[in-house]
Structures are given as C-alpha cells and as structure tokens.
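Visitor: Once you've had a glance at the structure underneath, I'll fire off some questions.
Taken together, the values in this text are just the output of simple stated rules run on the coordinates, not laboratory data. Everything quoted here is computed from the prediction, not taken from an experiment. All Cβ positions, even for glycine, are placed from backbone atoms using ideal geometry, and neighbour counts span all protein chains on display.
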Amino acid sequence: MRQLIIGNNTFSSKLELYRSLMVGYMSVLSIFIGIFYFTYNTIFQIEDTDFVYVLLELTGIVSFTLNRSGKFDFSKIILLTFANLIVYVFAAKSNYETDTQYIFLFLGLSSSALFGFEKKAESWIFSLLPVALFLIGFYSGFSPLGFSDHPQSYIRDSQLINFLIASVSSIGLLFMLSKINFESEVKLKKNQAEISMQNLKLLKTNTELDRFVYSTSHDLRAPLRSVLGLVNLAKKSESHDELDLCLDLIRGRVEKLDELLKDITDYSRNINYHIQKKRIDVKALIESVAQEILFSVNKESVRLSVDVPYGLMINTDQERLKIVLHNIVKNAIEHHDYTKPDRYVTISAEPFLRSLTISVKDNGKGIYPDYQPFIFNMFYRASERAAGSGLGLYIVKEILEKLPGKISFHSEIGKGSTFEVTLPGVVIENPQNRNGAEANPMALSRMA
C-alpha cells in the first residue's frame, strides 16, 4: 500500500515520508467520498450536484498522481484548495443543515500537519482558509449553487455520514501525528544515548591522551638521559671492563626504549586499523608466540609449556591475538619469582560451545589485591622498579574490546596468577587428532 501511494520517491526524513503518505491517504479518501455521495444521491434521485462529486473525485486523482510523481507541494495545494471549496459549496447549499462544515475542522488540522512549521506561510493560509470559508457562508448566506430542499431522512443520514467522515479522518490524522511524535522521541533518545556514549569515549580519549603524553615523554626521556650519562662515563673510562659494562647498560636502556615504542605502535594500530578476521590454527599461533618470546626475552630459566589440542581453529584477527598472547605471556615471565626452583608458565586452550578460552598460568609472585583493580590501566606499574612500559595489559584490554573478547584473572601472592582470554568463533577440525595432543615444553634461559 505504501509503495502504491508514494511510488519510488526518496525522502530526506521520515517526517517528509509521513506527510507524503498523508496526502496520498487524503487523496484516496476524496475519491471514495466522491464515489460514495454520487451513488448515495443517485439512490435519493438528487442529481443537481453530481458534477461537484465528479470534481472531488478528479481532485483526488490529480493530487494522488502529483504526489506519487514527486510534486509534493503542488499536490498539497491542489488537494486542500479544491477540497475546501467543495466542502464550502455543499455546506452552503444545504444551509449548513447536513453538518458538512465539520469537515472544515479536519482540513484545517491537516493543513498544519502537511506543511509544518518550516513552511509557515502555506500552513497559516490553508489552516485559516476553511475558517474563512465557513464564516463567509454562514454569515453572508451566499451559496454558489443555490439552496436545496432535502428530505429530513437525507439530512439526518448526511449529518451522521459527515460527522463520521470528519471525526474518523481527524482521529486518523492525530494518530499519525502521534506516531511521528513518538518516533521522533525515540530517535531523539537514541541520539542522546549515542551522544552520551561519544562524550564518554571522548572523555576517555582525552584522559588517556593526557596520560599518554605525560608518561611517554617521561619514559622516552629517562632511557635517553641514561644513555647520555653512560656515553659520557664511557668517554672518561680507560678500562675495557668498564666500557663493556657501559655498553651492556646502554643496550638495556635501548631495549627498554624499543619495547616502549613497540607498545606504542601496537596501541596505535589497534585504534586505527580495521579488524581483519581469518581462520587461524590456535595451536600453531600459540607455539609461534612462544617461540618468539623464547628468543626475545632474556631471563633466568623459566619453563614455558604449550598444552593446546590439535584441530582448534578460530575466526579472528591474527595480529591482534598475537599481541594479546605475547603481552600476557611476557608479563607472566617478567614478574616471575626467581627464588623458586621450578618456575613455569603454561599456555593452554580449550573450546566451550562456540567460544575459545586461552589460559596463561604461572607460579610467579602473584599480584597484591590492592593492585589488581588497576592492572589494565594505561601506564600502570606497581612501582618505578617494575619492568615493562605499563602498556602491555592495557593494550590487551583495548584489543579484546575491539575483537570482541573478554579477559579475566585470578592471582594469589606467592602462588602465581592465571589469565583467561575468551573469544567467540571457535571451530574444531579433525577432532580425532585431539586425543593425541601433548604438552610441548620449552625452556627459556638467558642468552649467552
């Protein structure tokens, strides 16, 4: 029905769409009223106004055609002008006994609705036109077609019909206006919610930006100033042992600086790059991350093992997941308890329904309860002596919010920590191979 009334026209807003629908419905209503009264008067053998009903039908047809062809304003003007004049003719001819003037009320209300506040001149003109015509006819007694002498039964039936036409049409108009108002309020609330969300994101971004600028400037300058001091010390030194020590210290500062820049790069990529999902072999990915850490982290012996069944596949962003795993595992190694004889980090993965849970468990120092609420904050470090940039777990949280995914952890002082990452979209392939999966232990030791 809607397609029949408005055709293939496009509208700049829902309000314009509803106005076009109103014109279409009113045009169809004019056609049916003209047909009904033409038939009704034929039954009562009243033929002196047949041409006016035909004019009403033609008005509806022309207005409907113009509206469907996209000439919306012209369609409104034609419909309201002729409808008002035709109502005036019938009301005056019956000397206002058939209550045709009630339809003036509907036409006045619909004029305001069709033109709206943005077209105030047209809205006022066509809203006041039925009032003016009613007053002219009522007080002047002028009737373009003279006066008719209808039977009392015809007058009574006409009063009922005209009342029903005016009241039902007005109710329909008010219902549509209420619908427009309701949808506008819903859209407004939705927009307000989106604006509030954007404001919160903006506030978060500004806060993080302030913290980012302060912390990065501090963390970038500290290693550089340390390197400059070591260079000056090396220039004054004549001992090869002191020179070697200075070079080792410089290398440590440069590595720390490189780690910070890498974390900043990962953070930037996560913000600016789109998610690129593809099917990933979970076991192969975790083992590759373990191998990278094996050759990049210089720590005393820590046993790193991978316990992941074969055939686990997940549809996600590979690079982002690698960063998540790398940061969690590296964090577990850096905060290990090197007073324990058997130090280990275990990476495992298990599917549950359509999701995958990856666990990183260690028997390290653990995290103090007072620190636990803040470990995912940007640049958070429990102390100045803590290793790392303070961005690792923050980047993990930001990436998982974007993938999407979830992270949780449990930690006890002196016993260690377990971090669990949950991701949707897991697929099990070749399940017969899963029973043959074995833990793959790999030892991390200081590079010579």
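Visitor: Starting from segment 145-212, pick out the chymotrypsin sites (Phe, Trp or Tyr not before Pro) whose DSSP state is loop and whose Cβ has at most 14 other Cβ atoms within 10 Å.
Guide: 147
Visitor: Hey, fewest Cβ within 10 Å first, where do 205, 49 land in order?
Guide: 205, 49
Visitor: Classify segment 233-345 from the C-alpha gyration tensor, please: rounded if a/c falls under 1.5, else prolate or oblate depending on whether a/b exceeds b/c.
Guide: Oblate is the answer for segment 233-345, as a/c is 1.5 or above yet b/c matches or exceeds a/b.
Visitor: Putting +1 on Lys and Arg Cβ atoms and -1 on Asp and Glu Cβ atoms, find which of 117, 153, 140 reaches farthest to the positive end of the dipole of segment 74-204.
Guide: 117
Visitor: Shifting gears a bit: Neighbouring Cβ atoms within 10 Å as the yardstick, rank 313, 22 fewest first.
Guide: 313, 22
Visitor: A follow-up question, please. Taking neighbour Cβ counts within 10 Å as the exposure measure, how do 30, 158, 196, 12 sort from fewest upward?
Guide: Sorted ascending by nearby Cβ count, the order is 12, 196, 158, 30.
Visitor: Helix check for the chain. Which DSSP H runs span at least 15 Å along their own axis by Cα, with a mean Kyte-Doolittle hydropathy no less than 0.5?
Guide: Helices meeting the criterion: 14-43, 50-68, 72-93, 102-115, 120-140, 282-296.
Visitor: Here is a follow-up. Tell me what the chain gives for mean residue ellipticity at 222 nm when only DSSP H runs of n ≥ 4 count, each as -39,500 (n - 2.57), the sum divided by the residue total, rounded to 500 deg cm²/dmol.
Guide: -21500 deg cm²/dmol
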